[in-house]
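Colleague: Just passing along the structure, written as structure tokens.
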Amino acid sequence: MTYDIEEIGSYHAHVYFQMDDSRLTAQSLADEVTANFAARVTPLYDRPVGPHPWPMFEAAFAVEEFPVLVPWLMLNRRGLNILIHPNTTDMFADHAIHPIWLGNKLPLLTEGMPRSNGVIE
């Protein structure tokens, strides 16, 4: 199956941390993303949320921001693991098939995520 990049409406970057010094690192990174990029950054979630296995924050950004924000995260992730995924009509594929990872790939909890065809994985 071939996908058309026009299906990508936006992107999410999920920045994972643990409840130790890496939380402070994550907060600093979230503050820098907020100050320097056109991204909507959530507060830090101090527990796993949805399919995400660790505490994290999310940065939501437009397609046009990708070539600026993602390389910056590559160079400035400060040892944190980051999942970057497109937002299409297929939430399962966005998280499990199409993402890129900066750092270590973490096992996501994708059971129950809907596909664009309505099938629940």
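The values are calculated or read from the model by the stated rules, or taken from the named source; none is laboratory data. Not measured: the values here are computed from a predicted model. Methodologically, a virtual Cβ is constructed for each residue, glycine included, from the backbone with ideal geometry; neighbour enumeration extends over all protein chains shown.
Colleague: Does VAL70 qualify as being touching a helix residue (DSSP H, G or I) at 6+ places or on another chain (Cβ under 9 Å), in a helix (DSSP H, G or I), at pLDDT 95 or above and not basic (Lys, Arg)?
Modeller: no
Colleague: Just need a number here: residues in the range 19-49 that are surrounded by fewer than 16 Cβ atoms within 10 Å (Cβ to Cβ) and either touching a residue at least 60 places away in the same chain (Cβ under 8 Å) or not in a loop (DSSP other than H, G, I, E, B) (or both).
Modeller: Qualifying residue count, the range 19-49: 12.
Colleague: Given (1) outside any strand (DSSP E or B); (2) surrounded by 14 or more Cβ atoms within 10 Å (Cβ to Cβ), where does GLU6 come up short, assuming only one miss?
Modeller: That leaves (2) as the condition not met.
Colleague: Within the range 9-18, does at least one residue satisfy the condition of being more than 23 Å from THR110 (Cα to Cα) and surrounded by fewer than 12 Cβ atoms within 10 Å (Cβ to Cβ)?
Modeller: no
Colleague: Would you check which residues across the range 74-92 are over 12 Å from HIS12 (Cα atoms) and either modelled with pLDDT of 95 or more or in a loop (DSSP other than H, G, I, E, B) (or both) and list them?
Modeller: Answer for the range 74-92, where residues must be over 12 Å from HIS12 (Cα atoms) and either modelled with pLDDT of 95 or more or in a loop (DSSP other than H, G, I, E, B) (or both): MET74, LEU75, ASN76, ARG77, ARG78, GLY79, LEU80, ASN81, THR89, ASP90.
Colleague: Which of the following residues is within 13 Å of the chain's Cα centre (by Cα), of a type outside the set (Gly, Ala, Ser) and not in a strand (DSSP E or B): HIS52, HIS12?
Modeller: The match here is HIS52.
Colleague: Another one. What number goes with the only condition from (1) β-branched (Val, Ile, Thr); (2) touching a His at 6+ places or on another chain (Cβ under 8 Å); (3) not in a loop (DSSP other than H, G, I, E, B) that THR110 does not pass?
Modeller: It is condition (3) that THR110 fails.
Colleague: Any residue in the range 73-87 that is in contact (Cβ under 8 Å) with a residue 12 or more places away in the chain sitting within a Cβ distance under 9 Å of a residue that is of a type in the set (Asp, Glu) and assigned to a helix (DSSP H, G or I)? List the pairs, counting only those 6 or more apart or interchain.
Modeller: Short answer, once both residue conditions are applied: ASN76/GLU32; HIS85/ASP94; PRO86/GLU7; PRO86/ASP94; ASN87/ASP94.
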